[in-house]
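Single-structure report; data block below.
The values are calculated or read from the model by the stated rules, or taken from the named source; none is laboratory data. The shown structure was predicted, so the numbers you read here are calculated from the model rather than taken from an experiment. Because the Cβ atoms are built from the backbone with ideal geometry, glycine has one as well, and the counts that use them run over all protein chains shown.
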Amino acid sequence: MTVDGDRTHQKQGRQPDESNYEWDYGVIAGKGTFDNNRQPSLNHSVSAINITIRDMTIKSFAGDGIFIGDSGITNNVTVTKSIITDNYRNGISILQGTNLYITDNYIDGSMGYWGGGMAVDVEAERDNGNVAENVYIQNNRYKGVITSRYCTGRCVNIVINGNIKQ
């Protein structure tokens, strides 16, 4: 299955802060609802428990390809055997969650919004009380960067190994 975004159309001539198009995610696991203007509304939390994203192509979104865990409970989420490419922000952003598995994917980091080519970014934020625990990022092929260096919240057992930079 392919989920194809509208990055090229949305991006033409605009900066991220002008239209908030950077909120255009490909797949969201554990995020609040969106209002009529496609802005996140965290008044309602959505839990993501026992979710598997497998054998998908997620490409060309103005935001992150996959966004995991912003509100609600995020537990036991697996992303495997998928292609995540050409997204404007991160290939995969992890804000919080427990028992998260990112394995055996091809992830092409973005070169747009953050400019650093983030393939996978574990970014649990202290200010929001986010916790990332038992996160396994293994055996992926990727372009860009895989990091947890922006994890300022409680980050426990973040395992990044066996990944092959292309």
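Any residue at all in the range 76-88 that's within 23 Å of ARG149 (Cα to Cα), at pLDDT 85 or above, outside any strand (DSSP E or B) and under 12 Å from the mean Cα position of the chain (by Cα)? Scanning the range 76-88 turns up no residue that is within 23 Å of ARG149 (Cα to Cα), at pLDDT 85 or above, outside any strand (DSSP E or B) and under 12 Å from the mean Cα position of the chain (by Cα). Against the criterion of being modelled with pLDDT of 90 or more and within 15 Å of the chain's Cα centre (by Cα), ILE107 qualifies.
Pairs meeting the criteria (first residue in the range 142-166 and under 13 Å from ASP108 (Cα atoms), second residue of a type in the set (Phe, Trp, Tyr) and assigned to a strand (DSSP E or B), beta carbons under 7 Å, at least 6 apart or on different chains) are ASN163/TYR142; LYS165/TYR142; GLN166/TYR142. The residue that is farthest from the chain's Cα centre (by Cα), among those in the range 115-127 that are at pLDDT below 85 and surrounded by 18 or more Cβ atoms within 10 Å (Cβ to Cβ), is ALA124.
The selection criterion, being within 15 Å of ASN90 (Cα to Cα) and in contact (Cβ under 8 Å) with a residue 24 or more places away in the chain, holds for ILE137. Condition check for TYR101 on (1) at pLDDT 85 or above; (2) of a type in the set (Ser, Thr, Tyr); (3) farther than 21 Å from THR147 by Cα: one failure, at (3).
The single condition among (1) at pLDDT 80 or above; (2) farther than 17 Å from SER47 by Cα; (3) buried (at least 21 other Cβ atoms within 10 Å of the Cβ) that SER148 does not satisfy is (3).
Of all residues in the range 96-106, those satisfying the criterion of being surrounded by 24 or more Cβ atoms within 10 Å (Cβ to Cβ) and either β-branched (Val, Ile, Thr) or part of a loop (DSSP other than H, G, I, E, B) (or both) are GLN96, ILE102, ASN105.
Reported count of residues in the range 47-75, each being under 13 Å from TYR106 (Cα atoms) and either among the hydroxyl-bearing types (Ser, Thr, Tyr) or assigned to a loop (DSSP other than H, G, I, E, B) (or both), is 4. Taking every residue in the range 83-98 that is farther than 7 Å from ASP64 by Cβ and pairing it with any residue that is aromatic (Phe, Trp, Tyr), at least 6 positions away or on another chain, the pairs with Cβ-Cβ distances below 7 Å are ILE83/TYR106; TYR88/PHE61; TYR88/TYR113.
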